[in-house]
Amino acid sequence: MWSIGGSKTDARKSVPNRQTDPHLLAIEEYWESLRNTRCVPPRAEVDPRSMQKSLGQAFILERIAPGMARFRVAGHLVSDLMGVDVRGMPLSALITPDSRDGFRDVLEQVFRGPAKATLQLASETGLGRPSLSAEMLLLPLSGHRGDVSRVLGGVSFTGRIGARPHRLALKGSFLRQLKRPVGAFHEGTKEQSRPTQVSYLRVVEA
């Protein structure tokens, strides 16, 4: 499990959201630096040492079936959320049953688009599960065969993780399709959006 050079976070401490915590932005900026003028960077080029300050929020997924992926590595905040080491677990284990169909659709579009996605999530509440909101970032990576079969991701939370495992409901998502390399974008080009079959999903071609 990735760590930030020390012990796991106290599960009862508050954890910052993306507005006050730069970790998700740092993960995305690192991915963009690897991408450069390519559509998708390869997994082999990801170096955890380059994200040392953000490893607690970071994870890497491996595609195992359409719309499904499992954790290959994960930072301690992801494991704190579930109360166990999540390596080898499907990402869907973090998602509430009612949200899994929509979540699978978003994840599959990240792989097949390829696209990068930002998801807004909220936790189940109850005894030992205080209210928690989260933002998740999914950034596609190519595998050793050149296919998009990996994802570099990050997650940030607002609220307290609490004493019991959390599952998250999908509240909204935003997809940016990676149709063109970064170098093809020029000033004056406008984003183009189109509707999707998921009511809370908007796709932007970039």
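The values are calculated or read from the model by the stated rules, or taken from the named source; none is laboratory data. Keep in mind the model is a prediction, meaning the values are calculated, not measured. Neighbour counts run over all protein chains shown; Cβ positions are idealised from the backbone, glycine included. Each accessible area value is taken on the protein alone, full model and side chains, heavy atoms only, with ligands, DNA and RNA left out. Shrake-Rupley method; radii C 1.70, N 1.55, O 1.52, S 1.80 Å.
Summary table
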| item | result |
| --- | --- |
| Selection within segment 138-168 - closer than 18 Å to Met89 by Cα and either assigned to a strand (DSSP E or B) or small (Gly, Ala, Ser) (or both) | Leu138, Ser149, Arg150, Val151, Leu152, Gly153, Gly154, Val155, Leu168 |
| Some residue of segment 34-42 being among the charged types (D, E, K, R), part of a helix (DSSP H, G or I), at pLDDT 95 or above and surrounded by 17 or more Cβ atoms within 10 Å (Cβ to Cβ) | no |
| Within segment 20-33, considering residues that are open to solvent by 20 Å² or more (accessible area, probe 1.4 Å) and under 17 Å from the mean Cα position of the chain (by Cα), the one nearest to Ser142 (Cα to Cα) | Glu32 |
| Counted residues, segment 49-69 - those being at pLDDT 90 or above, under 12 Å from Ile27 (Cβ atoms) and open to solvent by 30 Å² or more (accessible area, probe 1.4 Å) | 1 |
| Which listed residue, of Asp101, Asp80, Asp105, is assigned to a helix (DSSP H, G or I) and surrounded by fewer than 14 Cβ atoms within 10 Å (Cβ to Cβ) | Asp101 |
| Every residue from segment 52-72 that is more than 20 Å from Pro114 (Cβ to Cβ) and of a type outside the set (Lys, Arg) | Gln52, Ser54, Leu55, Gly56, Gln57 |
